């Protein structure tokens, strides 16, 4: 048995082709931490039930994974959140693992420190595809949690470098009509929609790029040409690097004499 602390990657889960993003993250984490066993846990019971029943997957909750690690003799584990912000789902994860028999060191969400915000902004700016005359609109999930402030904070950092970038959300404070109006009044003729999400799942397919009641439709009705990025942020190496840094930070907290029996 390895004496290295296991790493549990905790994601919401998806039933779509966006599972490819999780596979990419998995390969990258295993390559970065070859001596640490890597496990996956999924927060959405609905997604887990669907995948386990329909596709014969074996998706487990964080509690189930940690219980199995205890049975294997592990006394510590890193649980790395794959959430973008410190919202409801992140704190659900914290609540789910804090009663575990295995002691846990939490790896924090993507947007946590000022360093994280700058790194995410740099990753977005380095991949901006628009030529002159266009603008980028990043569309996130949104939340009614106080962590909603992550979105305007990121927007401010981005717009300090490039005024032709907007940050909006499917839910929460930023409304579609307000963003479309602001972009249209700026005089641009082209819009490139990018999901501000780890995986490009249902929100991308329906809320952003769908043919009805979507961001794409709203911009087209305003007379703008629209293109859509079909990939989530989790495919970008610079984004995954931030999670790797958070895993290292979580590992560093664990005492040197804490290892599996």
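Some points to look at:
- Boolean, residue 111 is in contact with a helix residue (DSSP H, G or I) (Cβ under 7 Å, 6 or more places away or on another chain), under 26 Å from residue 23 (Cβ atoms) and modelled with pLDDT of 95 or more: yes
- Once the range 1-21 is narrowed to residues that are more than 13 Å from residue 77 (Cα to Cα) and surrounded by fewer than 20 Cβ atoms within 10 Å (Cβ to Cβ), the residue that is modelled with the highest pLDDT is 20.
- Looking only at residues of the range 121-158 that are in a loop (DSSP other than H, G, I, E, B) and at pLDDT 90 or above, we find that the one that is nearest to residue 240 (Cα to Cα) is 141.
- Residue in the range 151-167 that is within 30 Å of residue 212 (Cα to Cα) and not assigned by TED's automatic domain parsing to the domain that holds residue 222 present: no
- Residues in the range 95-128 that are surrounded by fewer than 14 Cβ atoms within 10 Å (Cβ to Cβ) and either within 30 Å of residue 253 (Cα to Cα) or in contact with a strand residue (DSSP E or B) (Cβ under 6 Å, 6 or more places away or on another chain) (or both): 95, 98, 99, 101, 113, 114, 115, 118.
- Among strands (runs of 3 or more DSSP E) entirely within the range 159-261, having at least 2 residues that are in contact (Cβ under 8 Å) with a residue 60 or more places away in the chain and within 25 Å of the chain's Cα centre (by Cα) singles out 190-196.
- Whichever residue in the range 143-152 is surrounded by fewer than 20 Cβ atoms within 10 Å (Cβ to Cβ) and touching a strand residue (DSSP E or B) at 6+ places or on another chain (Cβ under 9 Å) and, among such residues, is farthest from residue 117 (Cα to Cα): 148
The values are calculated or read from the model by the stated rules, or taken from the named source; none is laboratory data. These figures come from a predicted structure and were not determined experimentally. Don't worry about glycine lacking a Cβ; one is built from the backbone with ideal geometry, like all the others, and counts go over all protein chains shown.
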